[in-house]
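A.B. asks: Pasting a structure below so you can have a look.
The values are calculated or read from the model by the stated rules, or taken from the named source; none is laboratory data. Computed from a predicted structure; not experimentally measured. Virtual Cβ from ideal backbone geometry, glycine too; neighbours counted across all protein chains shown.
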C-alpha cells in the first residue's frame, strides 16, 4: 500500500520532528541540564581557571560532591548558587535619593 502525502503534511511532520529534537540539538548536542562537571568541565562552563575552582572548593564556596579523590559539580546546583550569589545592580538615581 502506497500513500501519497501532501506538501503541507510533509512540512507539518518536519516541523514536529524539529520541535521534538530541538532540545537535544541545542548546545552542540549536550544536554547541560543533566550535566555533572569535573573541575575542567566546570572551569570551561564558568570560563575561569581551574585554580579558581579549587580555591572556591577549599573555601566551601561552591556546591560539590567528592567521589573518592574526584570533585564533581552538578550543573543545576551551580546554576542555583550563581543565581543566589548574583548582585542586583542599583541605578545611580536610586542611590542619590
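A.B. asks: For the range 56-84, give me the residue count where each residue is loosely packed, with under 13 Cβ neighbours inside 10 Å and part of a helix (DSSP H, G or I). If you could, list the steps in order and put the result at the bottom.
C.D. replies: So in the range 56-84, the residues loosely packed, with under 13 Cβ neighbours inside 10 Å come out as 58-61, 65-70, 80, 82-84.
Applying the additional criterion that residues be part of a helix (DSSP H, G or I) yields 58, 80, 82-84.
Here the count works out to 5.
A.B. asks: Take residue 94 and decide whether it is at pLDDT below 95 and in contact with a helix residue (DSSP H, G or I) (Cβ under 6 Å, 6 or more places away or on another chain).
C.D. replies: Details: at pLDDT below 95: yes; in contact with a helix residue (DSSP H, G or I) (Cβ under 6 Å, 6 or more places away or on another chain): no.
Spelling it out, it is not the case that residue 94 is at pLDDT below 95 and in contact with a helix residue (DSSP H, G or I) (Cβ under 6 Å, 6 or more places away or on another chain).
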